[in-house]
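**Student:** Okay, handing you the structure first.
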Amino acid sequence: MRKNILITGASSGLGMGMAKEFAKQGCNLALCARRFELLEALKTQLIAINPKAKIFTRTLDVNLHEEVREVFEAFEDDFQSIGESIDRVIINAGIGKGASIGKGYAKQNIMTAQTNFVAVIAQAEIAMEIFRKKNNGHLVFISSISAFRGFPRAMSVYAATKAAVKSLAEGIRIDVMKKPIVVSTIFPGYIQSEMTDSIGKPPPFMVSLVKGSKALVKAINKEKAKAYVPFWPWFLFKQLMPFMPLSFLRKF
């Protein structure tokens, strides 16, 4: 089992939830996010969960691409100082700001595109450099079930970025398919987080952060190319989505 894991966007939501689940499994963790005070609070919780775990934390805005390199390389140095090396990177950092195109929210939509896709490329670049250097590792992309169709209103740009992440991950997977480097794409449905809390009305089939995080970690540990989390009902939705009329997606 991979035991030295780097998670971006780890201060809250899915990143925080996954960190707790991995700590329960005895993993060492490198956690980064913009809000350092939340990272430090999480570190205290993780040490309480598993006092033997090594927990490294650093602030990072993934849109500062040179900082991404500096932080990832610093984490690799941290692991090497204890005789280890990063063997899994989970690209999780993302935002959900935005609105319908043409309604005056261009700044928010562009920021979502930059954070959820351009910054993902920056993270993947340095992660793959680390893995290629040692010819081993597991790169995990957190996409979304929304990656399979276009969505209206605030979801328009968000869904487009998650489709781009899906395509990027597949391209990298093809590139290293003959190497001992695994690339996984995770497609979560609705899991409670700060992002879903901001929606107002709870979306359909939403599960708690604890339940969703357990399902995410279980899927990640299987190291399959693709996983739908929770599997039910989102795998069924993925199968049906190509056939759903736009009128249904508008309501959904």
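The values are calculated or read from the model by the stated rules, or taken from the named source; none is laboratory data. Owing to the predicted nature of the structure, the values given are computational and were not obtained by experimental measurement. Neighbour counts are summed over all protein chains in view; Cβ atoms, including those assigned to glycine, are modelled from backbone coordinates with ideal geometry.
**Student:** Scan region 93-138 residue by residue and report those that are in a loop (DSSP other than H, G, I, E, B) and of a type in the set (D, E, K, R).
**Tutor:** First pass over region 93-138, keeping only residues in a loop (DSSP other than H, G, I, E, B): 93-105, 135-136.
Selection gives Lys97, Lys103.
**Student:** Looking at this structure, is Gly96 small (Gly, Ala, Ser), surrounded by fewer than 24 Cβ atoms within 10 Å (Cβ to Cβ) and at positive phi?
**Tutor:** Values: small (Gly, Ala, Ser): yes; surrounded by fewer than 24 Cβ atoms within 10 Å (Cβ to Cβ): yes; at positive phi: no.
No: the conditions fail for Gly96.
**Student:** Tell me, please, whether a residue that is of a type in the set (Lys, Arg) and at pLDDT 95 or above can be found in region 190-205. Break it down into steps so the answer makes sense when it comes.
**Tutor:** Start the filter on region 190-205 by keeping residues that are of a type in the set (Lys, Arg), which leaves 201.
From the residues that got through so far, the ones that are at pLDDT 95 or above too are none.
No, region 190-205 contains no residue that is of a type in the set (Lys, Arg) and at pLDDT 95 or above.
**Student:** Identify the residue in region 1-46 that is out of contact with any Gly (no Cβ under 9 Å at 6 or more places or on another chain), in a loop (DSSP other than H, G, I, E, B) and of a type outside the set (A, V, I, L, M, F, W, C) and, among all such residues, is nearest to Leu64 (Cα to Cα).
**Tutor:** Checked region 1-46; the qualifying residue nearest to Leu64 (Cα to Cα) is Arg35.
**Student:** Only one residue in Ala127, Ala119 is buried (at least 18 other Cβ atoms within 10 Å of the Cβ) and in contact with a Gly (Cβ under 8 Å, 6 or more places away or on another chain), so which one is that?
**Tutor:** Numbers: Ala119 fails: in contact with a Gly (Cβ under 8 Å, 6 or more places away or on another chain).
Ala127 is the lone residue from the list that is buried (at least 18 other Cβ atoms within 10 Å of the Cβ) and in contact with a Gly (Cβ under 8 Å, 6 or more places away or on another chain).
**Student:** Select from region 171-189 the residues that are free of Cβ contacts under 8 Å to residues at least 24 places away in the same chain and assigned to a helix (DSSP H, G or I) and write down the one among them that is nearest to the chain's Cα centre (by Cα).
**Tutor:** Restricting to residues being free of Cβ contacts under 8 Å to residues at least 24 places away in the same chain and assigned to a helix (DSSP H, G or I), the top hit is Gly171.
**Student:** Here's something else I'd like to know. Take the conditions in a loop (DSSP other than H, G, I, E, B), touching a residue at least 60 places away in the same chain (Cβ under 8 Å) and among the β-branched types (Val, Ile, Thr) and apply them to Ile90. Does it pass? Before the answer, list the steps.
**Tutor:** Numbers: in a loop (DSSP other than H, G, I, E, B): no; touching a residue at least 60 places away in the same chain (Cβ under 8 Å): yes; among the β-branched types (Val, Ile, Thr): yes.
Considered against the rule, which asks whether it is in a loop (DSSP other than H, G, I, E, B), touching a residue at least 60 places away in the same chain (Cβ under 8 Å) and among the β-branched types (Val, Ile, Thr), Ile90 comes out as no.
**Student:** Within region 93-141, work out how many residues are under 20 Å from Glu170 (Cβ atoms), touching a residue at least 60 places away in the same chain (Cβ under 8 Å) and in contact with a helix residue (DSSP H, G or I) (Cβ under 6 Å, 6 or more places away or on another chain).
**Tutor:** Number of matching residues: 4.
**Student:** Among the candidates Ala23, Ala19, Ala30, Ala10, which residue alone is within 17 Å of Ile126 (Cα to Cα) and either crowded, with 19+ Cβ neighbours inside 10 Å or under 20 Å from the mean Cα position of the chain (by Cα) (or both)? Full working, then the answer.
**Tutor:** On the way: Ala23 fails: within 17 Å of Ile126 (Cα to Cα); Ala19 fails: within 17 Å of Ile126 (Cα to Cα); Ala10 fails: within 17 Å of Ile126 (Cα to Cα).
When all the criteria are applied, what remains is Ala30.
**Student:** Do we find that Ser167 is under 20 Å from Ile126 (Cα atoms) and either surrounded by 22 or more Cβ atoms within 10 Å (Cβ to Cβ) or charged (D, E, K, R) (or both) in this structure? Walk me through it before giving the result.
**Tutor:** Details: under 20 Å from Ile126 (Cα atoms): yes; either surrounded by 22 or more Cβ atoms within 10 Å (Cβ to Cβ) or charged (D, E, K, R) (or both): no.
No: the conditions fail for Ser167.
**Student:** What number of residues within region 47-60 are in a helix (DSSP H, G or I) and either touching a strand residue (DSSP E or B) at 6+ places or on another chain (Cβ under 7 Å) or of a type in the set (Val, Ile, Thr) (or both)? Can you show your working first?
**Tutor:** Of region 47-60, the ones in a helix (DSSP H, G or I) are 47-49.
Remaining after also requiring either touching a strand residue (DSSP E or B) at 6+ places or on another chain (Cβ under 7 Å) or of a type in the set (Val, Ile, Thr) (or both): 47, 49.
Looking only at that region, the number is 2.
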